[in-house]
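Have a look at the structure below before the remarks.
The values are calculated or read from the model by the stated rules, or taken from the named source; none is laboratory data. If you're wondering where the values come from, they're calculated on a predicted model, not measured in any experiment. Virtual Cβ from ideal backbone geometry, glycine too; neighbours counted across all protein chains shown. All accessible areas refer to the heavy atoms of the entire protein, side chains included, with ligands and DNA or RNA removed. Shrake-Rupley method; radii C 1.70, N 1.55, O 1.52, S 1.80 Å.
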Amino acid sequence: MKVSEFISYGRQSIDEDDINAVIDTLRSSFLTQGPKIEEFERAVAEYVGVKYAVSFSNGTAALHGACYAAGIGEGDEVITTPITFAASANCVRYVGGTVVFADIDSKTYNIDPIDIEKKITAKTKAIIPVDFTGQPADIDAINHIAKKHNLIVIEDGAHSLGANYKGSKVGARADMTMFSFHPVKPITTGEGGIIVTSNETYYKKLIKFRSHGIERTTYGDSQGGWYYEMTDLGYNYRMTDIQAALGLSQIKKLNSLLDRRREIASIYTEALKKIPGIIIPEQLPDTESGWHLYMIQLKDANRKLVFEKMRDANIGVHVHYIPVYWHPYYQNLGYKRGICPVAEEWYERALTLPIHPSLTNDQIAYIIDTLKNLI
Ligand SMILES: *Cc1c(COP(=O)(O)O)cnc(C)c1O
């Protein structure tokens, strides 16, 4: 039996409350630069347990802002993982820095702190760990290394809003953490992103960077009420109030959306751990993933064939991600294949199964059965 509708690997969960929240803002005085932005930022900061949150037009712009705030520039090296969306590395290039790739841990698929330490040089300025699939990177170990070498930690939490690490929410421990609100991510604003931090200096820089490099200060008193100064080259990376209204409505449901993702993940794990040809993702102790992705490894089966057969059965399997430095842009910069052997070997066997809150139990059973039969 083949299902008639394509089951995508991820998708948004939008209900009538979300729709009404957007409509209310469309009827209000502010479509952008209004009250919903600050309300949303406060909600995210409170949820994560940090002092500040600065919203951006998307997660990539937010990462660009974080690299600016961290003072990364020409001659600086920044360490990240090759198993991520390219934006985690590209943001370093935007500010003129050099990307250095550290290998992953084959069990959790996250950046390996031991390899981070091996890649540190006198030029290293920052580390960008990614909470890949929603599983928190080992942030205590990474912070420990960062402290020893005086590095800034920018966590890419695009997958992990609401994930837990040793009793705190992801975002509470890094210098800055980015969350993305793209429709496949834990909650959505259409396009959108945010940086959370408890550091006031970073906060002020992020605010300035997102709005043309303009500083809001008290010059107005002496110069006149119209006066402002542009003190650095910034961008227009602002989120709209329409997006923020959607985000505010979405974050109220984040925990229940995550509960469903965790339920689906445990159904997969229970069923798939018994199949000898499949390796299931291991979890670090004392952490709880947000399960943005459920990724397995195929021990011997031909990944391309399994992928194609699953797609033929209308199951939207995927592969996240092609090692970043394999892309022609990075190859042209001189990165060689083989620099992160664990990541490359992992990539050859990796397969993403559909996971999102609106997946039904029947669909999950169908995915598991189809996969079992293929293996
Ligand atoms: C989605 C994503 C981003 C970029 O977020 P956008 O909001 O799409 O710009 C960055 N890093 C990772 C790991 C992502 O999955």
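Per-structure values
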| item | result |
| --- | --- |
| Which listed residue is more than 15 Å from the chain's Cα centre (by Cα) and at pLDDT 95 or above, from Val170, Val130, Val95 | Val95 |
| Residues of region 16-46 satisfying the condition of being surrounded by 18 or more Cβ atoms within 10 Å (Cβ to Cβ) and either in contact with a Pro (Cβ under 7 Å, 6 or more places away or on another chain) or not aliphatic (A, V, I, L, M) (or both) | Asp18, Thr25, Lys36, Phe40, Glu41 |
| Region 76-100, subset of a type in the set (S, T, N, Q) and assigned to a loop (DSSP other than H, G, I, E, B), residue nearest to the ligand (Cβ to nearest atom) | Thr84 |
| Contacts under 9 angstrom Cβ, first residue in region 16-38 being under 15 Å from Gly192 (Cα atoms), partner hydrophobic (A, V, I, L, M, F, W, C) and open to solvent by 60 Å² or more (accessible area, probe 1.4 Å), 6 or more apart | Lys36/Phe30; Ile37/Phe30 |
| Hits in region 128-147 - residues which are away from the ligand (no atom under 12 Å from the Cβ) and either free of Cβ contacts under 8 Å to residues at least 40 places away in the same chain or part of a helix (DSSP H, G or I) (or both) | Ile139, Asp140, Ala141, Ile142, Asn143, His144, Ile145, Ala146, Lys147 |
| Lone qualifier among Ile339, Ile267 - being more than 19 Å from the chain's Cα centre (by Cα) and farther than 30 Å from Ile79 by Cβ | Ile267 |
| Count - residues of region 218-270 that are assigned to a loop (DSSP other than H, G, I, E, B), over 20 Å from Phe56 (Cα atoms) and open to solvent by less than 70 Å² (accessible area, probe 1.4 Å) | 2 |
| Index of the failed condition, Ile116 passing every other in (1) crowded, with 23+ Cβ neighbours inside 10 Å; (2) out of contact with any Lys or Arg (no Cβ under 9 Å at 6 or more places or on another chain); (3) under 25 Å from Gly192 (Cβ atoms) | (3) |
| Checking Lys125 against (1) over 27 Å from Glu344 (Cα atoms); (2) open to solvent by 40 Å² or more (accessible area, probe 1.4 Å); (3) touching a residue at least 40 places away in the same chain (Cβ under 8 Å), the condition it does not meet | (1) |
| Subset of region 96-141 that is out of contact with any Phe, Trp or Tyr (no Cβ under 6 Å at 6 or more places or on another chain) and among the hydroxyl-bearing types (Ser, Thr, Tyr) - its residue that is farthest from Gly290 (Cα to Cα) | Thr121 |
| Subset of region 47-63 (residues that are outside any helix (DSSP H, G or I), open to solvent by 10 Å² or more (accessible area, probe 1.4 Å) and within 15 Å of Gly190 (Cα to Cα)) | Ser57, Asn58 |
| Flag if Ser4 is of a type in the set (Gly, Ala, Ser), open to solvent by 30 Å² or more (accessible area, probe 1.4 Å) and at pLDDT below 95 | yes |
| Selection status of Lys205, crowded, with 18+ Cβ neighbours inside 10 Å, near the ligand (Cβ under 10 Å from one of its atoms) and among the basic types (Lys, Arg) | no |
| Exclusive hit being free of Cβ contacts under 8 Å to residues at least 60 places away in the same chain and closer than 29 Å to Lys125 by Cα, set Gly49, Gly75, Gly65 | Gly75 |
| Any hit, region 351-370, residues being surrounded by 12 or more Cβ atoms within 10 Å (Cβ to Cβ), among the charged types (D, E, K, R) and in contact (Cβ under 8 Å) with a residue 12 or more places away in the chain | no |
